[in-house]
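Read-outs throughout are calculated quantities, based only on the coordinates presented, and are distinct from any laboratory measurement. What you are looking at is a predicted structure, and each value in this text was computed from that prediction instead of being measured. With ideal geometry, Cβ positions are generated from the backbone for all residues, glycine too; neighbour counts draw on all protein chains shown.
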Amino acid sequence: MKKLFSFIFATAALTAVSQPKKAPKMAPVLTPGYYVVAKGDTVKGEVQTNPEDETDFYHKFGFKPAAKGGKVIIIDTKKAKAYGYDDKQFALINVGGEEVYAERLATGRLNFYEYRFNGKVNGNPGVEVDYFIQDTKSEDLKEVKKLSRTFFRKELKPYMKEQEMLWSDIDKFTFSKQKITEAIKEFNKFYAPAPAETE
């Protein structure tokens with residue numbers, strides 16, 4: 001009888017140990033944010049800033065509505081046309097026929113976007129980055145266009161030709177997100193509406 005109980009106990013212990021365990025999930029880290037629905041209404045609440053995959057920000061995001069007792073829900077590209085938190089703003093753009101969120105690095109006459117996705121970096125799985133530009137005032141350049149990492153300066157020329165000193169100062173050999181963003185922000189200042197005068 002002792003052997004039978006020992007066998008049953010050992011079998012139960014092995015079964016318990018061999019059960020697959022669910023991977024622990026991090027608690028959501030939330031920060032004040034918002035999203036904009038198709039009609040243009042803004043919903044305020046908190047955005048989850050620690051998704052399991054950093055590329056999730058470009059397809060969906062966790063959001064907790066401002067109403068008390070609300071839970072974190074997933075908002076995707078069908079529910080919101082834009083969202084933001086802290087100093088980050090994301091807007092819908094079309095990439096290869098798919099609607100995705102891209103981070104807006106500069107906004108104004110010229111919009112400059114960054115889009116991150118899972119791909120290959122130096123032959124290994126990693127996060128790839130593409131950049132896109134748009135001229136909101138030009139019919140020919142209004143469509144969001146991918147900016148090449150090799151010929152970026154040549155591709156920027158039609159967008160920035162009216163302010164050649166900004167375009168010509170960009171290094172033509174080294175792609176620098178920061179330098180291009182700064183140049184586009186400077187360009188946009190020339191076309192920003194004048195502030196209303198107060199009496």
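Please work out which residue is farthest from residue 175 (Cα to Cα), limiting yourself to the range 96-147 and to residues that are under 13 Å from the mean Cα position of the chain (by Cα) and of a type in the set (Asp, Glu). So, considering only residues that are under 13 Å from the mean Cα position of the chain (by Cα) and of a type in the set (Asp, Glu), the one farthest from residue 175 (Cα to Cα) is 99. Among the residues in the range 129-139, are any out of contact with any helix residue (DSSP H, G or I) (no Cβ under 7 Å at 6 or more places or on another chain) and more than 30 Å from residue 191 (Cα to Cα)? Looking for residues that are out of contact with any helix residue (DSSP H, G or I) (no Cβ under 7 Å at 6 or more places or on another chain) and more than 30 Å from residue 191 (Cα to Cα), one finds none in the range 129-139, hence no.
Being more than 21 Å from residue 55 (Cα to Cα) and among the charged types (D, E, K, R) is true for just one of 164, 128, 114. Which residue is that? Step through it out loud before you land on a result.
Numbers: 128 fails: more than 21 Å from residue 55 (Cα to Cα); 114 fails: more than 21 Å from residue 55 (Cα to Cα).
Every option except 164 fails the conditions.
Picking from residues in the range 47-94 that are without any contact (Cβ under 8 Å) to a residue 40 or more places away in the chain and of a type in the set (Asp, Glu), the one that is farthest from residue 118 (Cα to Cα) is 87.
Considering the range 153-169 alone, what residues qualify as being within 28 Å of residue 99 (Cβ to Cβ) and touching a helix residue (DSSP H, G or I) at 6+ places or on another chain (Cβ under 7 Å)? Reasoning before the result, please.
Narrowing the range 153-169 to residues within 28 Å of residue 99 (Cβ to Cβ): 155-156, 158-160.
The answer is 156, 160.
Evaluated against (1) part of a helix (DSSP H, G or I); (2) charged (D, E, K, R); (3) within 21 Å of the chain's Cα centre (by Cα), residue 155 falls short on exactly one condition, (3).
The set of residues from the range 151-199 being exposed (fewer than 11 other Cβ atoms within 10 Å of the Cβ), among the hydroxyl-bearing types (Ser, Thr, Tyr) and within 14 Å of residue 131 (Cα to Cα) is empty. Can residue 162 be described as charged (D, E, K, R), touching a Leu at 6+ places or on another chain (Cβ under 6 Å) and part of a helix (DSSP H, G or I)? Against the criterion (charged (D, E, K, R), touching a Leu at 6+ places or on another chain (Cβ under 6 Å) and part of a helix (DSSP H, G or I)), residue 162 does not qualify.
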